[in-house]
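S.K.: One structure, as structure tokens, below. Some questions next.
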Amino acid sequence: MYTLIDYSLDNELALIGLRRAPVNALGHQLRLEIQAAFQQASADPAVKALIVYGRELPFCAGADIAEFGDAAFAASPALPELLIELASSAKPMVAAVGGLALGGGLELALACGYRIAEPKARLGFPEITLGLLPGAGGTQRLPRLVGAEKAVELILSGQLLNAKSALDLGIVDRLAGAADSLLDSACAFARELLGQSAPAFPAYPHAEPGVATSGAALPADFFADYAASKAAQWHGQVAPQGVLDAVQAACELPLAAGLQRETELFDALLESPQSKALRHLFFAEREAGKVPGIDASLPLRPIAKVAVIGAGTMGGGIAMNFANIGIPVVLLEQKREALDRGLAQIRKNYEISAKRGKLTQEQLEQRMALLQGSLDYADLADADLVIEAVFESMEVKRQVFATLDEVCKPGAILASNTSTLDIDQIAACTRRPQDVIGLHFFSPANVMRLLEVVRGKQTALDVLATALKLGKQIGKLPVVSGVCYGFIGNRMLEPYSREAYRLLLEGATPAQVDRVLTDLGLNMGVLSMYDLVGIDVGYLIRTPMRAVLAEDPSYCRLADELYTLGRYGQKSGRGMYIYEGRERRDDPEVLTMAERLAGELGIQRRSISDQEIHDRCLFMLINEGIQILDEGIALRAGDIDLVWTCGYGFPTWLGGPLHYAEQLGLERVLSGIRQYREQLGAYGELWFKPAALLEQLVAAGKTRISKD
Ligand code: T1G
């Protein structure tokens, strides 16, 4: 009768064990079976109480995200309807929370009268990360359990609570003993309730969520003031306001009416472009690790010891990632003072984490003890993985890899942290190109999640698979890239920044260009970003391309001028802007330079609309991404979106550049590119070439970007 549920009786208790692998996502079939089991237990006079638990699986990870947008999601019993039925149980129901209770999973637990959790369980409402709100009673029941203010904080943060915090908040009633069976503890709890003739559903501690237990009512403008205080941070995201509106309904309406209001608000968010974008990224993240030809049966190379060459900012940050998960690291430098400086910086980074309570002093010392400094390549001989983070010069890297080829043991993985250079060329310096791979960390390497894993033509599959697994183990989001100049992220950054610089010559100001981009939701405008990263970094990245760029004398000319003046941006106190401490202000000399250069280059200056800035920067970014997909450098559009949302501050609620292009309409992007190709004369001819794949997709009437 049941395929996704284990239904059994333990004397007077009905045990409903959810067993839909891998995380008991509440798809239609599981909802049907939960309803059937609930009705069976309710109708059985021998049953006095019910237990719902995850059978050898996490309790429940929420609604089935794969059903969103599909009829199955609302097919009866829809989750809200099912949970209203459970919450009206005439018999006490105990949710035994093991592993995870997330989103609809936590709502399922809240629809039971009582909750017991295992100590290592995690509970929370991550819906906000999907551009949603808890849509099956969470915004109505949680405030009645913990009060409106705490409910708002928990739902808006999307954070997961450990079981103890959930107990302290009143979300769970009991913790099971660490050594006890959760199910046994839940049964004992249920029998205790029966022994006390406890009600099927106890009265809520915050029957009026807007009134604190002290009796103090929420300020009349609490919700409006809260929204106003967060408006800048929310950057136009709509879900947070939905959450506030739902919790406000919980304060103002009876439960049944509040649940209806919640459904209205949820349905609106479900259809929003922002939620579709965030759900796209959810699945893209899970796709990114899947590479054709690699499956779980492929043996990986054991990584028991790592070596990092270069103890600078990148090398030190990279080394921290491995020490953080208990892997010993040899950090190699050429000079003692550079090595000591690098180790001291690592210690300082850990001390900052410790001050923030993210690390105990003992953990700090344990991690430092895993980091061994060295000035001798011989210390790398037994490393399983070596990552070089030396100066970004092909000559230097070739020397390093030739040495590694001599020193390292057979089977060691030899990785370069290069951000642009050709991995195949680097591999060619060794007799083991199959062991060579690119691991492009983003600065700061111990913080940024994105890791571009660059596979060379000869990189062995097990080397790639090992790198992907290790990337996840150190908490990164690994995305596979083929070999091209700049891989995925930096290659797309090039035309995007080129347009920004060119627009300055044509009449836009740095502040206007950056504002258009931050208004779209980017963390920083590209000009401010280069002031942060360093105008000198951009200059060096363009150096190998000079011959090609010579066709366009205007190419990043203003950036080159600033470079020659030693104005590298924040690091030199002046670049596109002037920096005084943390203050940033416009630099009138930049405008004068732009005017002069425009005159020299015969560029007609004019006033530039925000729309033009948006279209030229974004369409060139998108076009390059589609070209990268067409060349097979990236495996799928979602990977490209992940690179830009995780590595370059592209707004997640737009889903990444390619998802954003789909929302704008591919036809609009293509016609925009063609329009500027016409409008911008020789410059347009040179740079506004639509990617062939974009033209093919539009010609075929496609609305999604894909190569198949
Ligand atoms: N729905 C469908 N599939 C899910 C899923 C979900 N909720 N959660 C995980 N999966 C799949 C995932 O796609 C992957 O599939 C596999 O499970 C393992 O996941 C009404 C509307 C639970 C912490 O946001 O945070 O409830 O790739 O690789 O690293 O109010 O998955 O193997 O085929 O991530 O151990 C709210 C989302 C939904 C939780 C496990 N719930 N999931 O992490 O494994 S909205 C969430 C996660 C909602 C209600 C609203 C994580 C995880 P495949 P994984 P993991």
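S.K.: If you take the square roots of the eigenvalues of the alpha-carbon gyration tensor of the stretch 58-158 and sort them as a ≥ b ≥ c, do you get rounded (a/c under 1.5), prolate (a/b over b/c) or oblate?
M.R.: Numbers: a/c = 1.34, a/b = 1.09, b/c = 1.23.
Judged from the Cα gyration tensor, the stretch 58-158 comes out rounded (a/c under 1.5).
S.K.: Can I ask one more? Give me the percent relative contact order of the chain, please, defined on Cα pairs under 8 angstrom at least 6 residues apart. Intermediate results must be reported in sequence, preceding the final value.
M.R.: Numbers: 1304 pairs, mean separation 61.4, N = 708.
Normalised by residue count, the contact order of the chain is 9 percent.
S.K.: Return the long-range amide H neighbours of residue 373 (sequence gap of 5 or more, or a different chain), with a cut-off of under 5 Å between placed amide H atoms.
M.R.: For residue 373, the qualifying residues are 331.
S.K.: Please state the shape class of the chain: rounded when a/c is under 1.5, otherwise prolate if a/b exceeds b/c and oblate if not, all from the C-alpha gyration tensor. Don't skip to the end; give the middle numbers.
M.R.: Details: a/c = 2.03, a/b = 1.54, b/c = 1.32.
It comes out prolate by the Cα gyration axes.
S.K.: Can you list the trypsin sites (Lys or Arg not before Pro) in the stretch 331-430 that are in a DSSP coil and have 11 or fewer other beta carbons within 10 angstrom?
M.R.: Details: sites: 335, 336, 341, 347, 348, 355, 356, 358, 367, 397, 398; in loops: 335, 356, 358.
Of the trypsin sites (Lys or Arg not before Pro), the ones in loops of the stretch 331-430 whose Cβ has at most 11 other Cβ atoms within 10 Å are 335, 356, 358.
S.K.: Using the Cα centre of the stretch 306-481 as origin and beta-carbon charges of +1 (Lys, Arg) and -1 (Asp, Glu), tell me which of 412, 310, 468 is placed farthest towards the positive end of the dipole.
M.R.: 468
S.K.: Which shape class applies to the stretch 391-500: rounded if a/c is under 1.5, otherwise prolate when a/b exceeds b/c and oblate if not, where a ≥ b ≥ c are the square roots of the Cα gyration tensor eigenvalues? Please report the intermediate quantities before stating the final value.
M.R.: Numbers: a/c = 1.88, a/b = 1.32, b/c = 1.42.
Note, shape of the stretch 391-500 comes out oblate.
S.K.: What is the spin-label model distance, in nm, from residue 674 to residue 606 if the labels are put 7 Å beyond Cα along the C-beta direction?
M.R.: It works out to 2.0 nm between the two label points.
S.K.: Further question on the same structure: Three principal axis extents, largest first, for the C-alpha atoms of the stretch 5-269, in Å?
M.R.: Dimensions of the stretch 5-269 along the principal axes of its Cα atoms: 55, 44, 34 Å.
S.K.: Which entries in the list 164/348; 355/469; 457/689; 305/476; 335/472 go over 21 Å, if you measure between the two C-alpha atoms of each?
M.R.: Flagged as over cut-off: 164/348; 355/469; 457/689; 335/472.
S.K.: So for the stretch 224-302, averaging the separation of alpha carbon pairs under 8 Å that are six or more residues apart and normalising by length, what relative contact order in percent results? It would help to have the intermediate numbers written out before the result.
M.R.: Working: 21 pairs, mean separation 18.1, N = 79.
For the stretch 224-302, the relative contact order is 23 percent.
S.K.: Turning to a different aspect of this structure: Within the set of other residues whose C-beta is less than 13 Å from the C-beta of residue 680, count the net charge using Lys and Arg as +1 and Asp and Glu as -1.
M.R.: 0
S.K.: If the cut-off is a Cα-Cα distance under 12 Å, which aspartates and glutamates reach residue 91, setting aside same-chain residues fewer than 8 apart in sequence?
M.R.: List returned: 12, 44.
S.K.: Can you pull the semi-axes for the stretch 151-201, root of five times each eigenvalue of the Cα gyration tensor, sorted largest first, whole Å? Before the final figure, lay out the partial values.
M.R.: Values: eigenvalues 131, 49, 10 Å².
The equivalent ellipsoid of the stretch 151-201 has semi-axes of 26, 16, 7 Å.
S.K.: Measuring with a 1.4 Å probe in the full set of protein chains, what accessible area per residue, in whole Å², belongs to the chain? Walk me through the numbers on the way to the answer.
M.R.: Details: 28740 Å² over 708 residues.
Here the per-residue accessible area is 41 Å².
S.K.: Follow-up. Give the distance, in whole Å, between the Cα centre of the stretch 59-103 and the Cα centre of the stretch 514-529.
M.R.: About 40 Å separates the Cα centre of the stretch 59-103 from the one of the stretch 514-529.
S.K.: Taking the Cα centroid of the stretch 645-699 and of the stretch 1-16, what is the distance between the two, rounded to the nearest whole Å?
M.R.: 55
S.K.: If one computes the Cα centroid of the stretch 350-404 and of the stretch 166-226, what distance in Å separates the two points?
M.R.: Between the Cα centres of the stretch 350-404 and the stretch 166-226 lies a distance of 48 Å.
S.K.: Run through the stretch 638-699 and list the GluC sites (Glu not before Pro) located in a DSSP loop whose Cβ has at most 13 other Cβ atoms within 10 Å. All intermediate terms of the calculation are to be shown ahead of the outcome.
M.R.: Numbers: sites: 662, 667, 678, 685, 695; in loops: none.
Here no GluC sites (Glu not before Pro) fit, given the DSSP loop and packing criteria.
S.K.: Would you mind working out the magnitude of the charge dipole of the stretch 5-269 relative to its Cα centre, with +1 at each Lys and Arg C-beta and -1 at each Asp and Glu C-beta, to the nearest 20 Debye? Spell out each step's value before the answer.
M.R.: Values: 17 positive and 29 negative charges, 93 e Å.
For this selection, approximately 440 debye.
S.K.: Sticking with this structure for a sec: I'd like the accessible area for residue 422: 1.4 Å probe, protein heavy atoms, all chains in place, Å² to the nearest 10.
M.R.: Here the accessible area works out near 50 Å².
S.K.: Could I ask something else about it? When the helix-only estimate is applied to the chain (DSSP H runs of n ≥ 4, each -39,500 (n - 2.57), divided by the residue count), what is the mean residue ellipticity at 222 nm, nearest 500 deg cm²/dmol?
M.R.: About -15000 deg cm²/dmol.
The values are calculated or read from the model by the stated rules, or taken from the named source; none is laboratory data. Quantities reported herein were computed from a predicted structural model and do not represent experimental measurements. Heads up, the Cβs are rebuilt from the backbone with ideal geometry, glycines too, and the neighbour counts pull from every protein chain shown. Only protein heavy atoms, including side chains, enter the accessible area calculation; ligands, DNA and RNA are left aside. Shrake-Rupley method; radii C 1.70, N 1.55, O 1.52, S 1.80 Å.
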